[in-house]
Amino acid sequence: MDDGTAVRVNGLLVEMWRVFEDFVTSALAEAFRPHGGRSELQDRRHHLDHGRRVLLKPDLVRYVLDSGGKEVPAAVVDSKYKISANSADLYQMLAYCTALGLDRGHLVYAEGSAEPYRHLVHGAAIGITQHAIDLTLPPARLPSTVERVAGSILRNDEGR
């Protein structure tokens with residue numbers, strides 16, 4: 001302590017969901033960098049409603065310049081420290097896509113080596129793709145897994 005008092009520590013608390021979220025979004029932003037555009041982590045400029053009472057905070061929004069030189073959202077990503085989607089995750093991503101004017105959104109899970117799965121929303125023409133990052137891999141192999149997910153997101157969103 002500041003006063004010289006010794007403190008004994010018997011444990012450590014780590015919020016793994018936050019570690020996973022920060023790792024995924026930072027690594028994806030780095031993977032997107034060579035492809036142009038700009039990535040914004042925890043983007044707080046978007047709201048669900050016109051009255052701006054319901055803040056949306058997606059984990060990552062990738063912006064690119066449109067044909068007129070205006071910066072527009074090109075991709076939205078939310079990471080989840082769990083193994084699969086539930087309806088709340090899908091509703092949340094649907095809200096992000098709707099507010100951002102995107103027809104695709106991406107959820108990234110700590111699920112192993114599962115192939116991406118795309119949910120098509122009835123009546124909304126919005127697709128929500130689930131991606132997985134295998135956390136059982138050795139740490140040295142995680143960057144290539146993130147690169148694979150980033151490539152899948154870029155292919156999906158550039159093929160509009």
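How much length would be gained if the chain were fully extended between residue 38 and residue 141, taking 0.36 nm per residue of separation minus their Cα-Cα distance, in nm to one decimal?
34.6 nm
Taking 0.36 nm per residue of separation and subtracting the Cα-Cα distance, what length does fully extending residue 66 through residue 124 add?
This chain segment gains 18.6 nm when fully extended.
Dipole size in debye (nearest 20) for the chain around its Cα centre, Lys and Arg Cβ +1, Asp and Glu Cβ -1?
Result for the chain is approximately 300 debye, rounded to the nearest 20.
Could you name the lysines whose alpha carbon sits less than 28 Å from that of residue 70, not counting residues in the same chain fewer than 8 places away?
57
Which of rounded, prolate or oblate describes the range 18-61 when judged by the alpha-carbon gyration tensor and an a/c cut-off of 1.5?
oblate
Quick one: pull the percentage of alpha-carbon pairs in the chain with a separation above 29 Å.
23 percent
Please tell me the relative contact order of the chain in percent, rounded to the nearest whole number, where contacts are Cα pairs under 8 Å and at least six residues apart.
17 percent
Quickly rank 72-78, 90-96, 139-145, 9-15 as a protection proxy: mean count of other C-beta atoms within 10 Å, highest first.
Descending mean neighbour count gives 72-78, 90-96, 139-145, 9-15.
Once every DSSP H run of n ≥ 4 in the chain is given -39500 (n - 2.57) and the sum is divided by its residues, what mean residue ellipticity at 222 nm do you get, rounded to the nearest 500 deg cm²/dmol?
Mean residue ellipticity at 222 nm (helix-derived): -10000 deg cm²/dmol.
Where only protein heavy atoms count, and the probe is 1.4 Å, what is the accessible area per residue for the chain in Å²?
Counting only protein heavy atoms, the per-residue value for the chain is 60 Å².
The values are calculated or read from the model by the stated rules, or taken from the named source; none is laboratory data. This is a predicted model, so every value here is computed, not measured. Note that each Cβ is placed from the backbone with ideal geometry, even for glycine, and that neighbours are counted across all protein chains shown. Accessible surface areas use protein heavy atoms only, side chains included; no ligands, DNA or RNA. Shrake-Rupley method; radii C 1.70, N 1.55, O 1.52, S 1.80 Å.
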